[in-house]
Amino acid sequence: MTPARRHDDLSGGGGPSSSEAAPSLAPVRIREVAEHAGVSVGTVSNTINHPERVRPALRERVLQAITTLGFVPNQHARVLTGATSNVIGLVVLDIASPFYMGVAHAVEQAARRNGQVVLLCDSEGDPRREQELLTMLSAQRVRGVILAPARGVSAAAHYRAVHAELPMVLLDYPGSSGLCTITVDHEQGGRLAATMLLERGHERIGYIAGPRRLRQFEQRARGARAVLAEAGLDPDMAFIPVHTRGIGISDGESAARRLLSATKSDEWPTAIFCGNDMLAFGAYRALIAAGASVPGDIALVGYDDIEFAKDWVVPLSTVRQPIAELGIAAAHLLDQQTSAAHTHEHVELVLTPEVVPRSSSHPASR
């Protein structure tokens, strides 16, 4: 039997081909890609191994040739030769969350422009699962990782230790870490939500706070409490937090049920601020099941402004996070870091949220 030709090892050269192999079984070789794109073999190799070294227009031409010819890189051989991987890891807290899927989409688009691909992983908010994924990604010699941490801000030293082995950007990690981070001013986001509700006459606000380990939710609460205090209200009386185990719809629904069952209906808060939009959707279900109307009896405000928010049964007022900008900036920071490791200086970027009023937060009627 005639052996099929092997794939190139992408280290810049290619072994002799078998003239006896049937054309239909022969993999495309790196020299064929170079000829198709009108460039040298070295340029093709750099496009795959070190895309930052190739001019964007030339890199795009090579990538188009790779796509047209169906060239398949031998990733295993690239690892053995010590070549820089074109794969980056993205580890999120909840792969089902529209927020993280929006971030993932932006990361993928930015990575594609850099000649890279994204391996998406879900830690499910579990620090042990997160560590397993980081260990696996390191073993796979990925170029680097964008991580939405499952651990609290006190784990900064842990992430710095991981970074010593695996280049990393922390996504939506509030607080100083000594690493590259990209996040949103969540305290300002909480202030925006509370200010909107106060302006609409709400002075007793429930807060579905999300898991205690996620500091973003704590910062949103801090901003809301500050606004209430500045308005002359006692935050301990005017702001009623309920924590959840997760960040999905079912978590918001159970938290809202607990919030309502803690008091008589005439003592319910006139508004509920939720730590994200998915929690708000769950809260809406619980409110309707309890016989409350939104916003007639209780106003509702979310956080994130995911795609579904404007099309919900009652269009959801929310605090918009710049989701696409988060993903693009994270990918850019990781690419800078891995392309110039010896000269790179870590930066901590903080983006600004904005309030989006919709009909779910109409003025208080009680």
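A few remarks follow.
- Verdict on SER293 being open to solvent by 40 Å² or more (accessible area, probe 1.4 Å), touching a residue at least 12 places away in the same chain (Cβ under 8 Å) and among the polar types (S, T, N, Q): no
- When residues of the stretch 305-319 are limited to those that are assigned to a helix (DSSP H, G or I) and out of contact with any Pro (no Cβ under 9 Å at 6 or more places or on another chain), the one most open to solvent (accessible area, probe 1.4 Å): ASP311
- Scanning the stretch 159-178 for residues that are open to solvent by 30 Å² or more (accessible area, probe 1.4 Å), touching a residue at least 60 places away in the same chain (Cβ under 8 Å) and either more than 21 Å from VAL107 (Cα to Cα) or in a helix (DSSP H, G or I) (or both) yields SER176, GLY178.
- Taking every residue in the stretch 241-269 that is open to solvent by 70 Å² or more (accessible area, probe 1.4 Å) and pairing it with any residue that is polar (S, T, N, Q), at least 6 positions away or on another chain, the pairs with Cβ-Cβ distances below 9 Å are ARG245/SER254.
- Hits in the stretch 252-263 (condition: more than 21 Å from GLY201 (Cβ to Cβ) and modelled with pLDDT under 95): SER261, ALA262
- Test result for VAL355, open to solvent by 10 Å² or more (accessible area, probe 1.4 Å), part of a strand (DSSP E or B) and modelled with pLDDT of 95 or more: yes
- A residue that is at pLDDT 95 or above, aromatic (Phe, Trp, Tyr), open to solvent by less than 40 Å² (accessible area, probe 1.4 Å) and over 13 Å from the mean Cα position of the chain (by Cα) can be found somewhere in the stretch 187-210.
The values are calculated or read from the model by the stated rules, or taken from the named source; none is laboratory data. All of these numbers come straight from a predicted model, not from anything done at the bench. For neighbour counting, all protein chains shown are included, and Cβ atoms are generated from backbone atoms with ideal geometry for every residue, glycine included. Please note that ligands, DNA and RNA were not included when accessible areas were found on the heavy atoms of the full protein model with its side chains. Shrake-Rupley method; radii C 1.70, N 1.55, O 1.52, S 1.80 Å.
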